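Report on one structure; see the data block that follows.
The values are calculated or read from the model by the stated rules, or taken from the named source; none is laboratory data. Source: prediction; values computed, not measured. Positions of Cβ are backbone-derived with ideal geometry, glycine not excepted, and every protein chain shown enters the neighbour counts. Surface accessibility is based on the protein's heavy atoms, side chains included, excluding ligands, DNA and RNA. Shrake-Rupley method; radii C 1.70, N 1.55, O 1.52, S 1.80 Å.
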Amino acid sequence: MTLVNLLDHDLDALAALCEQQGEKRFRATQLFQWIHQRGVADFDAMSDLAKSLRAKLALIAQVRPLPVVSEQVSADGTIKWLFDVGAGNAIETVFIPESDRGTLCISSQAGCAVACRFCSTGHQGFSRNLTTGEIVAQLWHAEHALRARGLAAGEGERVISNVVMMGMGEPLQNYAALVPALRVMLSDHAYGLSRRRVTVSTSGVVPMIERLRDDCPVALAVSLHAPNDALRDELVPLNRKYPIAELLAACRRYLEKAPRDFITFEYCMLDGVNDSLEQAHELVALVSERPATRIACKFNLIPFNPFPQSGLHCSPRERVLAFAEVLRAAGLVTTVRRTRGDDIAAACGQLAGEVQDRTRLRERATRRPMRIHAETPAPPAHAKESA
Ligand code: SAH
Ligand code: SF4
């Protein structure tokens with residue numbers, strides 16, 4: 001019999017599982033705390049659970065982490081893990097430490113079906129959705145591995161204060177697995193992250209933005225990348241299905257549920273493609289409109305991380321700054337993403353994409369030096385400016 005992976009369960013699902021075993025809900029809470037707050041996977045170590053319950057659990061369930069293929073630590077403290085998700089697929093998870101927070105960038109899929117022009121993950125195509133347990137396992141591993149290294153400020157303190165769903169994959173095309181994973185992140189009995197410190201980044205899956213607003217309205221980042229449909233159709237093919245006007249309407253409705261929030265628009269700076277000053281003005285017009293319909297938003301300009309097959313280049317620094325100035329002059333809060341982990345960097349998803357089979361996964365685990373993942377997302381609510 002395949003054992004149930006308890007990382008797949010949010011608290012309600014765990015309570016249902018315990019009830020099936022004739023146990024009360026508070027037992028599920030204890031179990032949940034052992035797993036997520038204390039990072040314990042071995043039922044025998046869960047000393048305040050009855051021995052009989054521990055024995056029952058061992059027969060039906062386990063806490064199943066993801067096998068680590070490699071871990072890279074950058075000189076600036078950025079840590080990148082590559083996890084094996086089977087069948088030759090690997091996913092990336094990145095920890096970005098800063099003085100006032102620790103951000104974990106989590107993957108939601110192996111590959112991605114959206115196929116954005118500038119994205120290494122998109123170039124790999126889609127392999128499969130991650131399960132809730134595989135999404136949660138990235139946080140579980142990172143939090144407890146970092147605590148074990150003494151990176152927490154004090155006993156019982158968390159290392160990871162923010163999560164951004166900005167790793168590989170389109171989280172809103174894996175909605176059913178995403179929402180329970182978000183609930184685990186938010187639960188006071190698990191990671192206790194506040195709604196605003198968990199960000200879902202999407203290329204614009206409009207119907208799922210609507211559902212997220214109702215099910216779990218965490219912070220929303222939208223990958224815009226172009227000021228008009230003609231260009232966005234080319235860069236983000238999903239735009240042909242959900243054009244900009246529909247996307248912005250969904251953003252407005254999202255904010256109705258969380259009126260004190262704002263949308264972060266991500267904009268990847270591509271040399272000669274979307275970075276002219278005219279395009280900056282077009283962008284201002286797009287989001288400004290009439291005051292009544294103006295979207296509460298900020299912009300995060302992301303220097304493009306080049307990768308060989310893209311045929312694209314990052315905009316020169318001066319152009320990025322000039323573009324930012326146009327947005328700022330129009331009253332739009334604009335940050336330019338800092339690049340972190342340069343010494344272990346490559347484009348987002350690139351390393352995982354190079355991994356084709358298990359043999360190569362294993363080879364990579366022992367080879368040095370390794371170049372992986374340069375995507376360095378910062379949580380929009382607190383993003384730092386480098387300009
Ligand atoms: N699929 C979601 C989340 C993952 S991508 C989305 O598209 O929003 C996270 C962010 O990284 C997105 O804004 C994406 O556009 C950006 N990104 C992807 N490839 C990049 C690259 N090569 N250089 C810079 N940013 C990139
Ligand atoms: Fe998928 Fe996001 Fe990459 Fe586009 S940018 S291909 S949506 S992961």
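Could you tell me whether region 105-121 includes any residue that is modelled with pLDDT under 95, assigned by TED's automatic domain parsing to the domain that holds Tyr175 and more than 12 Å from ligand 1 (Cβ to nearest atom)?
No, there is no match, as no residue in region 105-121 is modelled with pLDDT under 95, assigned by TED's automatic domain parsing to the domain that holds Tyr175 and more than 12 Å from ligand 1 (Cβ to nearest atom).
Given the criteria under 22 Å from Tyr242 (Cβ atoms) and of a type in the set (Phe, Trp, Tyr), does Tyr191 qualify?
no
Residue pairs, Cβ under 9 Å, 6 or more apart or interchain, first in region 305-322 and under 10 Å from Asp275 (Cβ atoms) and touching a residue at least 40 places away in the same chain (Cβ under 8 Å), second of a type in the set (A, V, I, L, M, F, W, C) and assigned to a helix (DSSP H, G or I). List them.
Cys314/Val320; Ser315/Phe323; Arg319/Leu277; Ala322/Leu277; Ala322/Ala280
Just to be sure I understand, how many residues within region 189-202 are farther than 15 Å from Trp140 by Cα and either open to solvent by 10 Å² or more (accessible area, probe 1.4 Å) or in a helix (DSSP H, G or I) (or both)?
Selection size over region 189-202: 5.
Taking Arg252 as the residue in question, decide whether it is within 16 Å of ligand 2 (Cβ to nearest atom), basic (Lys, Arg) and in a helix (DSSP H, G or I).
no
Every residue in region 196-255 that is among the charged types (D, E, K, R) and within 30 Å of His313 (Cβ to Cβ), please.
Scanning region 196-255 gives Asp229, Arg232, Asp233, Glu234, Arg240, Lys241.
In region 115-125, which residues are of a type outside the set (S, T, N, Q) and within 9 Å of ligand 2 (Cβ to nearest atom)?
Hits for region 115-125 are Ala115, Cys116, Arg117, Phe118, Cys119, Gly122, His123.
Is one or more of the residues making up region 94-106 of a type in the set (Phe, Trp, Tyr) and either open to solvent by 60 Å² or more (accessible area, probe 1.4 Å) or over 15 Å from the mean Cα position of the chain (by Cα) (or both)?
Looking through region 94-106, none of the residues is of a type in the set (Phe, Trp, Tyr) and either open to solvent by 60 Å² or more (accessible area, probe 1.4 Å) or over 15 Å from the mean Cα position of the chain (by Cα) (or both).
So how many residues does region 274-300 have that are within 16 Å of ligand 2 (Cβ to nearest atom) and not in a loop (DSSP other than H, G, I, E, B)?
1
Can you tell me which residue within region 153-170, out of those that are charged (D, E, K, R) and under 17 Å from Trp34 (Cα atoms), is surrounded by the most Cβ atoms within 10 Å (Cβ to Cβ)? Spell out the reasoning first.
Let us first name the residues in region 153-170 that are charged (D, E, K, R), namely 155, 157-158, 170.
Filter once more, so that each one left must be under 17 Å from Trp34 (Cα atoms): 155, 157-158.
On the way: Glu155: 6, Glu157: 10, Arg158: 15.
Taking the candidates together, the pick is Arg158.
Can you pull out every residue in region 117-152 that is closer than 30 Å to Pro237 by Cα and either assigned to a strand (DSSP E or B) or open to solvent by 20 Å² or more (accessible area, probe 1.4 Å) (or both)?
Once the filter is applied, which keeps residues that are closer than 30 Å to Pro237 by Cα and either assigned to a strand (DSSP E or B) or open to solvent by 20 Å² or more (accessible area, probe 1.4 Å) (or both), region 117-152 yields Arg117, Phe118, Cys119, His123, Gln124, Gly125, Phe126, Ser127, Arg128, Asn129, Thr131, Glu134.
Just to check your reading of the model, which residue among Ile91, Ile35, Ile79 is within 24 Å of Gly167 (Cβ to Cβ), crowded, with 20+ Cβ neighbours inside 10 Å and not assigned by TED's automatic domain parsing to the domain that holds Arg183?
Ile35
Among the residues of region 176-183, are any in the same structural domain as Leu283 (by TED's automatic domain parsing), of a type in the set (Val, Ile, Thr) and under 21 Å from Cys297 (Cα atoms)?
no
Yes or no: Pro237 assigned by TED's automatic domain parsing to the domain that holds Ala329, under 25 Å from Ile91 (Cα atoms) and surrounded by fewer than 17 Cβ atoms within 10 Å (Cβ to Cβ)?
Considered against the rule, which asks whether it is assigned by TED's automatic domain parsing to the domain that holds Ala329, under 25 Å from Ile91 (Cα atoms) and surrounded by fewer than 17 Cβ atoms within 10 Å (Cβ to Cβ), Pro237 comes out as yes.
Suppose we filter Val73, Val68 for residues that are open to solvent by 40 Å² or more (accessible area, probe 1.4 Å) and modelled with pLDDT of 95 or more; which single one remains?
Val68 is the lone residue from the list that is open to solvent by 40 Å² or more (accessible area, probe 1.4 Å) and modelled with pLDDT of 95 or more.
Taking region 301-321 as the search range and keeping residues that are hydrophobic (A, V, I, L, M, F, W, C) and open to solvent by 40 Å² or more (accessible area, probe 1.4 Å), which one is farthest from ligand 2 (Cβ to nearest atom)?
Kept after step one, since they are hydrophobic (A, V, I, L, M, F, W, C), are these residues of region 301-321: 301-302, 304, 307, 312, 314, 320-321.
Then drop every residue that is not open to solvent by 40 Å² or more (accessible area, probe 1.4 Å), which leaves 314, 321.
Numbers: Cys314: 15, Leu321: 23 Å.
Only one residue fits best here, namely Leu321.
When region 252-274 is examined, which residues are found to be over 24 Å from the mean Cα position of the chain (by Cα) and closer than 17 Å to Lys298 by Cα?
Within region 252-274, no residue meets the criteria.
Go through (1) in contact with a Phe, Trp or Tyr (Cβ under 8 Å, 6 or more places away or on another chain); (2) buried (at least 24 other Cβ atoms within 10 Å of the Cβ) and name the single condition Ala181 misses.
Ala181 satisfies every listed condition except (1).
Based on this model, can you work out whether Ala55 counts as free of Cβ contacts under 8 Å to residues at least 24 places away in the same chain and assigned to a helix (DSSP H, G or I)?
yes
Picking from Leu248, Leu312, which residue would you name as being assigned by TED's automatic domain parsing to the domain that holds Ile209, touching a Leu at 6+ places or on another chain (Cβ under 9 Å) and away from ligand 1 (no atom under 12 Å from the Cβ)? First the steps, then the outcome.
On the way: Leu312 fails: away from ligand 1 (no atom under 12 Å from the Cβ).
Only one candidate qualifies: Leu248.
So which pairs qualify, if the first residue must be in region 157-168 and aliphatic (A, V, I, L, M), the second must be near ligand 2 (Cβ under 10 Å from one of its atoms), the Cβ gap must be under 6 Å, and the two must be at least 6 apart or on different chains?
What qualifies is Met165/Ser108; Met165/Pro171; Met165/Ser201; Met166/Ser201; Met168/Ser107; Met168/Thr121; Met168/Gly349.
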